1. What tally of residues in the range 242-272 results from selecting those that are under 21 Å from K85 (Cβ atoms) and assigned to a strand (DSSP E or B)?
2. Looking at the range 74-94 only, could you name the residues that are under 25 Å from the mean Cα position of the chain (by Cα) and at pLDDT below 85?
3. Could you list, ordered by first residue, the pairs with Cβ atoms under 7 Å in which the first is in the range 298-313 and assigned to a strand (DSSP E or B) and the second is of a type in the set (F, W, Y), at least 6 apart or interchain?
4. Applying the selection to the range 273-296, what residues are in a helix (DSSP H, G or I), closer than 21 Å to F65 by Cβ and not β-branched (V, I, T)?
5. Taking the conditions exactly as written (under 22 Å from W24 (Cα atoms) and buried (at least 16 other Cβ atoms within 10 Å of the Cβ)), does A287 satisfy them or not?
6. Output the number of the condition that T311 fails; it satisfies all remaining conditions of (1) among the polar types (S, T, N, Q); (2) touching a strand residue (DSSP E or B) at 6+ places or on another chain (Cβ under 6 Å); (3) surrounded by fewer than 24 Cβ atoms within 10 Å (Cβ to Cβ).
7. Is it the case that the range 211-218 has a residue that's of a type in the set (A, V, I, L, M) and in contact with a Leu (Cβ under 6 Å, 6 or more places away or on another chain)?
8. Would you mind stating whether P2 is outside any helix (DSSP H, G or I) and either modelled with pLDDT of 95 or more or among the β-branched types (V, I, T) (or both)?
Amino acid sequence: MPEGEQEKSQEGITVKKSENFDEWYTQVIIKGEIADYTPVSGCLAFRPIGYGIWENIQKATDIEFKRVGIQNVYFPLFIPERLLKKEQEHVEGFSPEVAWVTHAGKSELEERLAVRPTSETIMYEVISRWVRSWRDLPLRLNQWNNVVRWEFKHPTPFLRSREFLWNEGHSIFATKEEAEAERDQILGIYKKITEEFLALPGIIGRKTDTEKFAGAEASYSIEHLLPDGKAIQGPDFHFDGQRFSKAFEISFIDRDGTRKHAWQNTWAISTREIGVMIAVHGDDKGAIIPPMVSPIQAVIVPIYTEETKRTVIEACTKIHKMLENYRVKLDEREHLTPGRKFYEWELKGVPLRIEVGMKEVSEGTVVLARRDTGERRKVSQEKIVSEVSYELDQIQKNLYRRAKKFLDENIHIVSDLNIIKKEVKEKGGIFRAGWCGSAECEKKIKEETGAKIINLSLDIAASGKCIYCNKEAVYVANIARSY
């Protein structure tokens with residue numbers, strides 16, 4: 001077996017996505033060099049591809065934040081226990097997840113320090129000194145950081161990590177109306193990032209009181225559907241009302257001269273989106289990364305003999321230069337065959353491959369090979385910039401189109417709980433049904449089906465009966481098994 005081909009047989013994806021999704025997903029993450037395990041359970045090492053994807057998500061999101069006037073800040077990783085306890089509902093929601101620092105060297109700390117599960121308490125203790133007058137508002141801040149949540153036993157790379165990266169947005173307003181109005185703007189930004197950059201459709205809705213963020217008055221989410229039929233929460237937005245402002249005395253003198261407590265929101269998108277993206281778009285060959293977030297949008301693979309090597313490499317170098325406005329890599333490794341390179345870049349999910357051999361040099365052409373469809377076609381070297389631009393755009397659109405088709409085909413409108421009981425385990429998907437709003441009915445739906453209400457549709461008017469108690473429906477509930 002030639003060098004490279006033996007490596008290929010050892011390194012390739014050994015299971016089919018449709019037959020063993022969990023094992024397939026893990027293999028794509030590890031063998032595709034997106035991330036790796038570390039000695040700390042649930043904490044990943046981001047390899048250059050994985051971190052490059054996150055950098056592109058972060059950059060695109062940050063541009064949108066700054067466009068609407070949100071500013072970046074940074075606060076400490078450690079939170080004194082007394083601060084975490086200030087908002088009781090908040091601390092109770094996070095108590096099982098908190099990792100604590102109790103010693104510095106051999107000395108026991110006088111007060112335990114929580115390793116940041118989220119930053120409300122440390123931020124608001126400080127921000128309360130920044131807000132004095134209505135002129136100081138609105139205050140719209142964001143930090144890009146890591147958080148640690150230690151509550152679960154079986155982490156899954158990106159999808160359920162004990163440490164993950166995210167944006168942590170915190171906004172403070174003078175009025176309730178201003179705070180509530182921010183919801184659509186922030187969710188609109190997240191919708192743009194997930195759809196236009198990650199090619200991931202989702203269902204926007206309100207969380208039930210049972211599922212909302214600890215300390216929030218109302219939570220909203222974008223929910224994705226994975227190929228195994230389970231839903232997973234994506235970016236979210238929380239209307240926190242005045243709970244934190246009262247706990248941390250964030251108050252201001254209003255225009256009328258009276259002191260009032262501020263109104264607050266929080267919002268986030270995390271590295272979970274990388275896992276969702278890999279899971280939704282990948283195939284049996286490996287990852288497929290949308291061009292908008294791929295660290296390498298196209299790879300140039302030269303094909304030559306010893307006699308033609310110099311001529312082909314010169315042509316490839318010229319093409320590489322022509323594509324300098326794109327994220328393009330020229331693969332000049334001599335110890336690997338072109339076939340081995342094709343396989344490797346397919347495994348790693350690079351959207352477009354540019355093949356150049358002596359024949360193409362003579363013709364003044366190149367071969368473009370799409371990762372999403374496998375289609376190959378020859379184009380003129382003179383038109384390489386416009387042709388690559390066209391193909392990357394088509395790949396981006398096709399990935400979203402396929403993902404949207406999958407989501408639409410797996411949303412089931414039901415009025416009989418028995419259908420959910422039967423099909424949620426056999427097929428999975430999202431089941432859309434009427435719900436009366438009762439916490440007891442919500443609990444019974446989960447107990448009897450193994451699925452839960454992941455969110456409540458915002459743009460569909462309720463009609464008909466509650467799927468559990470048959471009373472008049474107040475909400476349209478999206479029900480699914482969930483990560």
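1. Here the count works out to 4.
2. If the condition is that a residue be under 25 Å from the mean Cα position of the chain (by Cα) and at pLDDT below 85, then H90, G93, F94 are the ones that fit.
3. A298/Y326; V299/W345; V301/F342
4. E273, M277, listed by residue number.
5. On the way: under 22 Å from W24 (Cα atoms): yes; buried (at least 16 other Cβ atoms within 10 Å of the Cβ): yes.
Here the answer is yes, as A287 does meet what is asked.
6. With (1) among the polar types (S, T, N, Q); (2) touching a strand residue (DSSP E or B) at 6+ places or on another chain (Cβ under 6 Å); (3) surrounded by fewer than 24 Cβ atoms within 10 Å (Cβ to Cβ) applied to T311, the lone miss is (2).
7. From the range 211-218, those of a type in the set (A, V, I, L, M) are 214, 216, 218; that's our starting set.
Those left that are additionally in contact with a Leu (Cβ under 6 Å, 6 or more places away or on another chain): none.
No.
8. Numbers: outside any helix (DSSP H, G or I): yes; either modelled with pLDDT of 95 or more or among the β-branched types (V, I, T) (or both): no.
No; evaluated as a whole, the condition is false for this residue.
The values are calculated or read from the model by the stated rules, or taken from the named source; none is laboratory data. None of the values given here were measured: they were computed from a predicted structure. Note that we place each Cβ from the backbone using ideal geometry, even for glycine, and neighbour counts take in every protein chain shown.
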